[in-house]
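The values are calculated or read from the model by the stated rules, or taken from the named source; none is laboratory data. Being a predicted model, the structure only gives us computed values, none of them experimental. Heads up, the Cβs are rebuilt from the backbone with ideal geometry, glycines too, and the neighbour counts pull from every protein chain shown. These accessible areas exclude ligands, DNA and RNA; they are computed on the full protein's heavy atoms, side chains included. Shrake-Rupley method; radii C 1.70, N 1.55, O 1.52, S 1.80 Å.
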Amino acid sequence: ADEQRLRGLLREIAQTPPGDDVLPARLGKSLMSAYEALQPPGRLGFLSILARQDVDLSTVRRSCQNLLAAEDDCRAAASLRARGALREALEPPSERIIGRLAQQPGGLRFLVAMRADLLSALAQRGPFAEAAPPSPSLSPPAAGS
């Protein structure tokens, strides 16, 4: 339940249109509260989910096609719009989420604390730990696993 809720909040924050100040504030506060309520294994799972937020390849492909079509037709205004759409499509949702959280009251403090959690987890793994990414699950492993 926590995992689905956090995934939903991440998706909503990433999809919030630029210039909307109200929705990201409410969502950011909910996300920060939910993260702070997690235990360390859940926090690491959240960070793993955040890191895996990637661009939508179909949107990138469509933006590339629109840019090429505008360039082929020598339409300057359409080309500028298509370049902007391509830049936006190439920005990973994780970057948008972090940027929007940084703009919220207490957001930078939250991001610094998240970074400290990540550094702590990396330090516990040791310098020669296998480079496998952490489990994306927010729940601690079941006993005996």
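Would you point out which residue out of Ala116, Ala129 is of a type in the set (A, V, I, L, M, F, W, C), at pLDDT 85 or above and open to solvent by less than 60 Å² (accessible area, probe 1.4 Å)?
Numbers: Ala129 fails: at pLDDT 85 or above.
None of the others qualify; the one that does is Ala116.
Tell me, which residue of segment 46-61 that is free of Cβ contacts under 8 Å to residues at least 60 places away in the same chain and among the hydroxyl-bearing types (Ser, Thr, Tyr) is nearest to Glu91 (Cα to Cα)?
Let us first name the residues in segment 46-61 that are free of Cβ contacts under 8 Å to residues at least 60 places away in the same chain, namely 50, 53-61.
Cutting the leftovers down to among the hydroxyl-bearing types (Ser, Thr, Tyr) gives us 58-59.
Working: Ser58: 14, Thr59: 11 Å.
My answer is Thr59.
Gly84: more than 16 Å from the chain's Cα centre (by Cα) and open to solvent by 70 Å² or more (accessible area, probe 1.4 Å), yes or no?
Numbers: more than 16 Å from the chain's Cα centre (by Cα): yes; open to solvent by 70 Å² or more (accessible area, probe 1.4 Å): no.
No, not satisfied.
Could you grab me the full set of residues in segment 18-27 that are over 15 Å from the mean Cα position of the chain (by Cα) and assigned to a helix (DSSP H, G or I)?
Listed by number, the residues that qualify are Val22, Leu23, Ala25, Arg26.
When the residues of segment 99-112 are filtered to those that are part of a helix (DSSP H, G or I) and touching a residue at least 24 places away in the same chain (Cβ under 8 Å), which remaining residue is nearest to Pro40 (Cα to Cα)?
Filtering segment 99-112 for residues part of a helix (DSSP H, G or I) gives 99-102, 107-112.
Adding the requirement that they be touching a residue at least 24 places away in the same chain (Cβ under 8 Å) leaves 100-101, 107, 110.
Working: Arg100: 23, Leu101: 20, Gly107: 19, Phe110: 15 Å.
That would be Phe110.
What number of residues within segment 28-37 are modelled with pLDDT under 90 and either of a type in the set (A, V, I, L, M, F, W, C) or over 16 Å from the mean Cα position of the chain (by Cα) (or both)? Before you say what the answer is, go through the steps one by one.
From segment 28-37, those modelled with pLDDT under 90 are 28; that's our starting set.
Checking which are either of a type in the set (A, V, I, L, M, F, W, C) or over 16 Å from the mean Cα position of the chain (by Cα) (or both) leaves us with none.
Qualifying residue count for the region: 0.
Starting from segment 68-87, take each residue that is assigned to a helix (DSSP H, G or I) and list its partners that are open to solvent by 100 Å² or more (accessible area, probe 1.4 Å), counting only C-beta distances under 6 angstrom and pairs at least six apart or across chains.
Close Cβ pairs satisfying both conditions: none exist.
Within segment 4-13, is there a residue that is closer than 26 Å to Ser120 by Cβ and in contact with a Leu (Cβ under 6 Å, 6 or more places away or on another chain)?
yes
For segment 38-74, enumerate the residues that are more than 17 Å from the chain's Cα centre (by Cα), open to solvent by 80 Å² or more (accessible area, probe 1.4 Å) and within 30 Å of Arg125 (Cβ to Cβ).
If the condition is that a residue be more than 17 Å from the chain's Cα centre (by Cα), open to solvent by 80 Å² or more (accessible area, probe 1.4 Å) and within 30 Å of Arg125 (Cβ to Cβ), then Gln39, Pro40 are the ones that fit.
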